[in-house]
Amino acid sequence: MRSTGPITLNLPHFSGATRKLILVHLASFFGFLVLEWAARDIAHLLTGYVVLVPQSVFHGHVWQLLTFIFYPIGLLGMIFALLSLWFLGVWMEGTFGSRRLVELYLFTAVGAGLLASAICYTRIFGLRPDLVAAGPWPAVMGLMTAFAALMGESEM
């Protein structure tokens, strides 16, 4: 049956740990954008320490397992990653709480970084340990996997 009333768009609330994660990602996006514009040499130096380089991780730069998710990957990629984080994060935060959401987000980021680093050393599909990985997608995919595992049999 056709509706004659207006179509409404209901977005999830923008609060809690989900908001903080998104704002940290946006701050890093605009911070790197301004730094690239103002001081290109410093931006390139900082990028080398922030992005995930498996070869560097196994030589002591273990912080890259966490920092690579905060390096911007482009405007469109960030928009869709942060929208996915918003929609999934609100549900996860409402179900499990803020602390569990942040723990899951950061744990999946570190796990994805370790897995990507290990796979690069196998040299399968032409991957090499000196290749770079960046962006929030590994952690967002971890949230999607958790959502699918918990809600796989639900009807919407």
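Laboratory data are not the source of any read-out in this text; all were calculated from the coordinates shown. This is a predicted model, so every value here is computed, not measured. Here Cβ is always computed from backbone atoms with ideal geometry, including for glycine, and neighbour counts include all displayed protein chains.
Quick grid of which residues meet (1) within 17 Å of ALA17 (Cα to Cα); (2) crowded, with 20+ Cβ neighbours inside 10 Å; (3) polar (S, T, N, Q):
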{"residue": "ILE73", "(1), (2), (3)": "no, no, no"}
{"residue": "TRP91", "(1), (2), (3)": "yes, no, no"}
{"residue": "GLY94", "(1), (2), (3)": "yes, no, no"}
{"residue": "VAL102", "(1), (2), (3)": "yes, no, no"}
{"residue": "LEU106", "(1), (2), (3)": "yes, no, no"}
{"residue": "ALA112", "(1), (2), (3)": "no, yes, no"}
{"residue": "ALA116", "(1), (2), (3)": "no, no, no"}
{"residue": "MET141", "(1), (2), (3)": "no, no, no"}
{"residue": "GLU155", "(1), (2), (3)": "no, no, no"}
### Task
Could you run through the stretch 7-62 and say how many residues are exposed (fewer than 11 other Cβ atoms within 10 Å of the Cβ), of a type outside the set (A, V, I, L, M, F, W, C) and closer than 22 Å to PHE80 by Cα?
2
### Query
Out of (1) aromatic (Phe, Trp, Tyr); (2) within 20 Å of VAL140 (Cα to Cα); (3) in contact with a Leu (Cβ under 9 Å, 6 or more places away or on another chain), what's the single condition that is false for PHE32?
(2)
## Note on the structure
When the stretch 115-156 is checked residue by residue, the ones that are farther than 22 Å from ALA81 by Cα, of a type outside the set (S, T, N, Q) and not in a loop (DSSP other than H, G, I, E, B) are ALA118, ILE119, CYS120, TYR121, ILE124, PHE125, GLY126
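Can you give me the number of residues within the stretch 65-97 that are of a type in the set (S, T, N, Q) and either under 13 Å from the mean Cα position of the chain (by Cα) or within 15 Å of VAL24 (Cα to Cα) (or both)? Outline the logic, then answer.
Initial filter on the stretch 65-97 (of a type in the set (S, T, N, Q)): 67, 84, 95.
Next cut, either under 13 Å from the mean Cα position of the chain (by Cα) or within 15 Å of VAL24 (Cα to Cα) (or both) only: 67, 84.
Matching residues across the stretch 65-97 total 2.
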### Task
Determine whether the stretch 7-26 contains at least one residue that is without any contact (Cβ under 8 Å) to a residue 12 or more places away in the chain, farther than 14 Å from TRP137 by Cα and of a type in the set (Phe, Trp, Tyr).
no
### Task
Test LEU83 against the stated conditions and say whether it is touching a residue at least 24 places away in the same chain (Cβ under 8 Å) and part of a helix (DSSP H, G or I).
no
